[in-house]
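The values are calculated or read from the model by the stated rules, or taken from the named source; none is laboratory data. Just so you know, these numbers come straight off a predicted model, no measurement behind them. Glycine also receives a Cβ, built like all others from the backbone with ideal geometry; neighbour counts cover every protein chain displayed.
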Amino acid sequence: MQDPTLAALVRFPQELRAHYAVIPESRADFVPASWEGCPSERFGPLAQLWHVHDIEREGYHVRFRRTLQEATPLLADIDSYALADARGQRGTAAQALADFAQARAETIALLTALSPADFARPAHFDGYGPTTLRGLMHFLCSHDQQHLAGLQWLAGQIESPTR
């Protein structure tokens, strides 16, 4: 039986695409009047896609590699808003989804090649504390789920009559 967390990580690019598809194209840059209750970072629909891409490449790829190569590395949290501000306008949703799918495929290739000892390697994740590589895998899956919920929350805001 496949690990359920790994299976969720494998499915996520398709789920992200499906959840984004409910957002009208004309509302890709939608910003709600209030972010109260938003279950993810405060990014509009298209910016959510680029954020997930950036965290995959610049967050978890780096964290996994460092945990495999270093003795108990201190893994930095990423200031998502500063990163988004520095990047400015990006590309289309199709580009973000394709680039993210490639990045996630690289993550899955790395994770499926690991041994039980690799998954037990320790790290210290800023803001989370001591963890292991397997713990990082769970945090990545949690991040994925937050952004599916965030897209649904944004879709609900878009569909609300006072918006």
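Values for this structure:
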| item | result |
| --- | --- |
| Single condition residue 31 does not satisfy, out of (1) among the hydrophobic types (A, V, I, L, M, F, W, C); (2) within 29 Å of residue 135 (Cβ to Cβ); (3) surrounded by fewer than 20 Cβ atoms within 10 Å (Cβ to Cβ) | (2) |
| Tally of residues being of a type in the set (S, T, N, Q), touching a helix residue (DSSP H, G or I) at 6+ places or on another chain (Cβ under 7 Å) and surrounded by 16 or more Cβ atoms within 10 Å (Cβ to Cβ) across the range 110-163 | 1 |
| Considering residues of the range 151-163 that are free of Cβ contacts under 8 Å to residues at least 24 places away in the same chain and assigned to a helix (DSSP H, G or I) only, the residue nearest to residue 51 (Cα to Cα) | 156 |
| Meets criteria (out of contact with any helix residue (DSSP H, G or I) (no Cβ under 9 Å at 6 or more places or on another chain) and at pLDDT 95 or above) for residue 69 | yes |
| Which numbered condition residue 112 misses (of (1) within 17 Å of the chain's Cα centre (by Cα); (2) at pLDDT 95 or above; (3) of a type in the set (Ser, Thr, Tyr)) | (1) |
| Qualifying position, being in contact (Cβ under 8 Å) with a residue 12 or more places away in the chain and under 18 Å from residue 14 (Cα atoms), among 123, 103 | 103 |
| The one condition in (1) in contact (Cβ under 8 Å) with a residue 60 or more places away in the chain; (2) under 18 Å from residue 7 (Cβ atoms); (3) in a loop (DSSP other than H, G, I, E, B) that residue 148 fails to fulfil | (3) |
| Lone unmet requirement of (1) of a type in the set (Asp, Glu); (2) more than 18 Å from residue 7 (Cα to Cα); (3) at pLDDT 95 or above for residue 106 | (2) |
| Residues within the range 1-28 that are of a type outside the set (A, V, I, L, M), modelled with pLDDT of 95 or more and not in a helix (DSSP H, G or I), tallied | 1 |
